[in-house]
Amino acid sequence: VLVPSAATHGFAGARGVKRAVPLAHARFAADLDDALAAGGGRVVEDRGPGTFHAKGCWVFGGADRVVATAVGSSNWNVRSLARDLELGAVLVARDRRTQALFAREWRRLEAPA
């Protein structure tokens, strides 16, 4: 799972109570990373440059193959489900070439800036 770091979060540099949002998000991401680790998953923080607002989830079918990826605008929360107009899709790759292309995209995204 790719998430923004505290520095690339949309609320980075905010004033008032909103300034705590990136730190809270980082805590939730750390908890998610702990939970995913048991199954071989992990959370990777985008380090920039710039602001990171995308969401992504890649499902690996081996070290060099991504068999599915979720894309879209959804924040994957109750508000997005019940109130916001969101668009999302899960792309399932059945052929090795597409799986390798998805894996290459993941490696590019997880690489340090």
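The values are calculated or read from the model by the stated rules, or taken from the named source; none is laboratory data. Every value quoted in this text rests on a predicted model; they were computed, and no experiment measured them. Every residue, glycine among them, receives a Cβ derived from its backbone with ideal geometry; neighbour counts consider all protein chains shown. Just so you know, the surface numbers come from the protein's heavy atoms only, side chains and all, with ligands and any DNA or RNA stripped out. Shrake-Rupley method; radii C 1.70, N 1.55, O 1.52, S 1.80 Å.
Using only helices, what value at 222 nm comes out for the chain when you add -39,500 (n - 2.57) per DSSP H run of length 4 or more and divide by the total residues, to the nearest 500 deg cm²/dmol?
Mean residue ellipticity at 222 nm (helix-derived): -10000 deg cm²/dmol.
Please give the helix 96-110 orientation as an angle from the longest Cα principal axis of the chain, in degrees from 0 to 90, rounded to the nearest 10.
Helix 96-110 sits roughly 30 degrees off the main axis of the chain.
When the expected Rg is taken as 2.2 N^0.38 Å, what fraction or multiple of it is the alpha-carbon Rg of the chain?
The chain yields a ratio of 1.14.
Loop only per DSSP, at most 13 neighbouring Cβ atoms within 10 Å: give me the chymotrypsin sites (Phe, Trp or Tyr not before Pro) in the stretch 24-113, ordered by residue number. Could the numbers behind the result be given before it?
Working: sites: Phe28, Phe52, Trp58, Phe60, Trp76, Phe102, Trp106; in loops: Phe52, Trp76.
Those satisfying the criteria are Trp76.
Classify the stretch 16-55 as rounded, prolate or oblate, taking a ≥ b ≥ c as the square roots of the eigenvalues of its Cα gyration tensor: rounded when a/c is under 1.5, otherwise prolate if a/b is larger than b/c and oblate if not.
Here the stretch 16-55 falls in the oblate category.
Return a whole-number percent for the relative contact order of the chain, with Cα pairs under 8 Å and 6 or more residues apart as the contact set.
Answer for the chain is 25 percent.
Taking springs between alpha-carbon atoms closer than 10 angstrom, which of Arg47, Arg15, Arg65 fluctuates most in the Gaussian network model of the chain?
Arg15
Per residue, how much accessible area does the chain show when a 1.4 Å probe rolls over the protein heavy atoms, in square angstrom? Please report the intermediate quantities before stating the final value.
Values: 7840 Å² over 113 residues.
Per residue, the chain has 69 Å² of solvent-accessible surface.
Calculate how many DSSP beta bridges within the chain are antiparallel, expressed in % of all such bridges and rounded to the nearest 5. Before the final figure, lay out the partial values.
Working: 10 of 13 bridges.
Antiparallel: roughly 75 percent of the beta bridges in the chain.
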